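Have a look at the structure below, then the notes.
Nothing in this text is a laboratory measurement; each read-out follows from the coordinates by a stated rule. All figures in this text were calculated on a predicted structure; none of them were measured in a lab. No Cβ is skipped: glycine too gets one built from the backbone with ideal geometry, and neighbour counts run over all protein chains shown.
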Amino acid sequence: MSYEEIMSYKDIIVYLDASDLNEPRVETAIKIAKQHRAKLIGVDISTAAAFEGDKRERAEAIQDTFEKMVRRAGLEAECRVAGRSAETALELFSHCADLIVSSQPHTDSAHLAAATVPKDVLLTAGVPMLILPVGWEAKETIGRSILLAWNFSRESTRALHDSMPMLARAERVTLFVFDAGFDPHSSEVLDVVAHLRRHGIKVTVEGWRDTGEVDAIDAMFASLDREETDLIVAGAYGHSPLWESLFGGVSEELLHNITMPVVMSH
């Protein structure tokens with residue numbers, strides 16, 4: 001078995017609903033599944049509300065739509081129904097997967113899908129989640145140029161290892177360090193670079209010295225190459241979710257950023 005085959009996702013879950021975000025999300029999940037030769041599992045997370053309004057026809061056709069799309073792609077796939085009141089990671093079939101593909105909730109359609117997706121599932125499943133921004137189009141590239149957010153925390157370490165299959169396939173990986181003592185030549189930074197390179201990952205280092213004047217998100221978006229970067233990888237919720245919801249935090253801002261897909265791990 002080749003290194004590329006070992007460093008692959010084998011089971012990918014994509015959440016399905018009756019919103020207009022569904023088909024671009026599935027197309028993106030198909031693209032990733034084909035790269036990794038993974039099985040794609042579509043999980044219908046529709047609520048009862050999806051079957052009561054003008055989206056009913058779309059809600060009733062979710063499984064057929066998914067099956068047609070994966071059949072055209074020639075993927076190994078299956079479709080499951082979580083149930084209209086499903087809430088937990090277990091009820092949403094999230095534990096036996098290497099990656100979950102979801103979308104940011106849209107204010108106009110959030111009621112159509114389980115409210116625990118994406119945030120609560122991200123926090124409880126123990127599985128990395130790719131979260132696509134509202135307005136995402138499947139034709140856009142993803143994973144060719146990746147910014148890996150790094151702050152020496154447990155969460156960023158987890159995100160690094162969870163995203164190895166994507167990092168290994170990227171043409172460009174930028175390690176973005178946000179730290180009070182940032183020094184691109186420090187042994188701590190060089191250890192991370194060496195670890196990635198031993199996995200065959202070509203990586204460059206960018207960074208920002210945290211002086212308290214600029215927060216991590218602003219520093220990150222000021223530093224990334226918007227013409228090239230198409231994916232951010234980051235750890236999620238170093239502080240408690242309640243703390244971040246009340247006082248703001250990197251995870252909350254990334255979860256709701258409107259410009260770029262993000263892979264997050266907790």
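The aspartates and glutamates within cross-link reach of LYS10, meaning a Cα-to-Cα straight distance under 15 Å and a gap of 8 or more places when in the same chain, are GLU76, GLU78, ASP98, ASP162. For THR47, THR65, the sequence from fewest to most other C-beta atoms within 10 Å is THR65, THR47. Helical content alone sets the calculated 222 nm signal of the chain at -9500 deg cm²/dmol, taking -39,500 (n - 2.57) per DSSP H segment of four or more residues and averaging over every residue. With the largest listed first and rounded to whole Å, the semi-axes of the equivalent ellipsoid of the chain from the Cα gyration tensor are 32, 21, 15. Taking the dipole about the Cα centre of the chain, with the C-beta of Lys and Arg at +1 and of Asp and Glu at -1, give me whichever of SER109, ALA180, ALA194 is farthest to the positive side. Positive-most Cα among the choices belongs to ALA194. Between LEU40, LEU90, LEU21, the GNM of the chain built on Cα springs shorter than 10 angstrom shows LEU90 fluctuating the most.
Placing +1 on the Cβ of every Lys and Arg and -1 on the Cβ of every Asp and Glu, with no other charges, gives the chain a dipole of roughly 920 debye about its Cα centre. Overall dimensions of the range 3-132, expressed as equivalent-ellipsoid semi-axes from the Cα gyration tensor (√(5λ), whole Å, largest first), are 23, 17, 12.
When the charge dipole of the chain is built from unit charges on Cβ atoms (+1 for Lys and Arg, -1 for Asp and Glu) and taken about the Cα centre, the candidate among VAL70, GLY207, TRP136 whose Cα reaches farthest toward its positive end is VAL70. Relative to the longest principal axis of the Cα atoms of the chain, the long axis of helix 22-36 makes an angle of roughly 60 degrees. Local charge for LYS139 was computed over the other residues whose Cβ lies under 11 Å away, with Lys and Arg +1 and Asp and Glu -1, and equals -2. For the range 139-234, the square roots a ≥ b ≥ c of the C-alpha gyration tensor eigenvalues yield an a/c of 1.5 or more together with a/b not exceeding b/c, which makes the shape oblate.
Pick out which of LYS39, LYS202, LYS68 has the largest mean-square fluctuation in a Gaussian network model of the chain, springs linking Cα atoms closer than 10 Å. The residue that fluctuates most here is LYS68.
State the extension gain, in nm to one decimal, for the chain segment bounded by SER187 and GLU27, taking 0.36 nm per residue of separation less the distance between their alpha-carbons. Display every interim value, and only then the final one.
Numbers: separation 160, 0.36 × 160 = 57.60 nm, distance 4.13 nm.
Computed gain between SER187 and GLU27 is 53.5 nm.
Sparsely packed loop sites in the range 123-188 (the chymotrypsin sites (Phe, Trp or Tyr not before Pro) outside DSSP H, G, I, E and B with at most 15 other Cβ atoms within 10 Å) comprise PHE152. Between ALA222 and HIS111, the modelled label-to-label distance comes to 4.1 nm, taking each label 7 Å out from Cα in the direction of the beta carbon. Between 0 and 90 degrees, rounded to the nearest ten: what's the tilt of helix 62-73 against the longest Cα principal axis of the chain? Long axis of 62-73 versus the principal axis of the chain: about 60 degrees. List residues of the range 116-138, by number, whose backbone nitrogen lies under 17 Å from a label position 7 Å along Cα→C-beta of ALA48. Inside the label zone: 116. Roughly what angle does helix 187-198 make with the longest principal axis of the chain, taking Cα atoms, 0 to 90 degrees, to the nearest 10? Its long axis makes an angle of about 50 degrees. Comparing mean-square fluctuations of ILE201, ILE100, ILE12 from a GNM of the chain with C-alpha springs under 10 Å, the top value falls on ILE201.
Between ALA61 and THR141, the simple label model (points 7 Å from Cα in the Cβ direction) yields a spacing of 3.3 nm.
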